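Notes to accompany the following structure.
Quick note: the coordinates plus some simple rules give every number you see, no bench work behind them. Just so we're clear, the structure is a prediction, and the values are computed from it rather than from any experiment. All Cβ positions, glycine included, derive from the backbone under ideal geometry; neighbour counts span all protein chains shown.
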Amino acid sequence: MENLLPTAMSVNSQPGGLVKWMDRALECAASVERTFGADDVHDLRVALRRCRTIAAALSEVHPSPGWRKLKRISRPLFRALGDLRDVQVQRIWLKKLAPPGDPLRRHLLLRLAHQERDCREKVEKALGRFDRKAWRKLGRKLEPKAASFPQESVVFERLALVRLNAAIHLYQQARRRRSSIAWHRVRIALKEFRYVVANFLPRRYQAWGADLKTCQDLLGEVHDLDVLRAETHKASGVFDVTETAKWRERIEDERQARLRKFIARMSGPGSLWLSWRKGLPWSSSLVDAPVPARRTA
């Protein structure tokens with residue numbers, strides 16, 4: 001096991017950095033209120049997701065109503081930001097996939113501009129209702145509970161293994177079903193595994209972080225393209241069928257290219273699923289999800 005984990009990195013005694021991420025969310029919220037830029041929206045969503053993921057993990061090892069309260073306070077803003085982020089990302093993809101003169105691109109950009117205004121208004125309302133004072137107070141209250149188990153604790157190793165097995169199981173389902181919903185579930189499960197490792201198992205994250213981020217980015221782009229594909233489908237009644245079909249084919253080509261890269265990383269003797277499992281103890285003593293068979297990517 002030692003050969004799988006770097007030893008140079010010091011391990012912080014406080015797991016997760018919950019208060020750090022809660023403070024970071026407040027800083028990002030102030031930036032979003034000033035700019036509503038795509039990067040600021042993304043940063044705030046990441047900070048809130050970190051807080052929510054840490055709370056979900058810690059609620060399993062140290063039950064407290066405070067974890068539910070954290071998720072309840074952040075939920076409206078987190079969801080509103082997700083809708084705005086989807087629109088902003090679709091706009092980026094549209095500009096990437098077609099030249100300015102493309103009629104469907106112009107139509108969809110105009111449509112997205114209206115949607116973005118609506119989403120921005122919802123985010124503004126959610127920010128106005130986001131109780132920053134209660135958020136700070138809750139962070140200080142939860143800080144000692146978050147420190148109950150040190151980083152690299154056996155508790156978090158087992159929790160990471162549970163998350164990993166869930167992601168493997170959903171991956172196998174997605175390989176059979178090949179639906180956008182199935183791959184979206186894999187993306188969420190992999191993200192949950194990544195955040196448990198990042199927040200509570202820093203030595204492993206030093207070794208696995210780059211691969212985890214690459215895989216998450218690939219599935220994130222698949223999700224973005226699925227959302228854009230649904231948006232182009234709505235334009236079928238306005239534009240010629242052949243025109244919208246060309247767009248869907250273009251989107252599908254980009255989508256499949258990313259899925260092939262992801263599957264190649266998760267298949268065969270060099271499978272990242274296997275590598276991550278070997279780096280966690282008790283991987284054979286718990287009830288494991290079946291390991292994916294070797295496939296040709």
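Among Arg72, Arg248, Arg24, which one moves the most in a GNM of the chain with springs linking Cα atoms closer than 10 Å?
Arg72
Cut-off under 12 Å on the C-alpha distance; same-chain residues fewer than 8 positions from Lys96 excluded. Which aspartates and glutamates are left, in chain and number order?
Partners within reach: Glu254.
Would you report the distance distribution of C-alpha pairs in region 169-271 as whole percents per 10 angstrom bin, up to the bin with the largest distance?
All Cα pairs, binned at 10 Å, distribute as 14, 40, 28, 13, 5, 1 percent.
Which length gain, in nm to one decimal place, applies between Gln206 and Ala30 when the Cα-Cα distance is subtracted from 0.36 nm times their residue separation?
Here the answer is 60.3 nm.
Using the Cα centre of region 17-150 as the reference point, and only Cβ charges (+1 on K/R, -1 on D/E), how large is the resulting charge dipole? Debye, rounded to the nearest 20.
The dipole of region 17-150 has a size of about 420 debye.
Over the Cα atoms of region 148-227, how large are the radius of gyration and the largest Cα-Cα distance (Dmax), in Å?
Values for region 148-227 (Cα only, Rg and Dmax): 13.5, 41 Å.
Computed from the mean reciprocal separation of all distinct C-alpha pairs, what Kirkwood hydrodynamic radius does region 17-150 have, in Å? Each step should come with its number before you reach the end.
Numbers: mean 1/r = 0.0622 Å⁻¹.
Roughly 16.1 Å, rounded to one decimal.
Treat the chain as a sphere of radius equal to its Kirkwood radius over Cα pairs and apply Stokes-Einstein at 25 °C in a medium of 0.890 mPa s; give the translational diffusion coefficient in µm²/s, rounded to a whole number. Don't skip to the answer; put the middle values down first.
Working: Rh = 20.9 Å.
Using the Kirkwood radius from Cα pairs, D works out to 117 µm²/s.
Write down the Kirkwood hydrodynamic radius of region 22-67, to one decimal in angstroms, obtained as one divided by the mean of 1/r over all alpha carbon pairs.
11.3 Å is the Kirkwood radius here.
State the percent of C-alpha pairs, over all pairs in region 78-209, separated by a distance greater than 27 angstrom. Kindly include the intermediate steps, with their values, before the conclusion.
Numbers: 4334 of 8646 pairs.
Taking all Cα-Cα pairs of region 78-209, the fraction more than 27 Å apart is 50 percent.
Holding the Cα-Cα limit at 19 Å, pick out from Lys71/Lys145; Lys71/Lys137; Lys145/Lys191; Lys125/Lys234; Lys20/Lys71; Lys20/Lys137 the pairs that are longer than that.
Pairs exceeding 19 Å: Lys145/Lys191; Lys125/Lys234.
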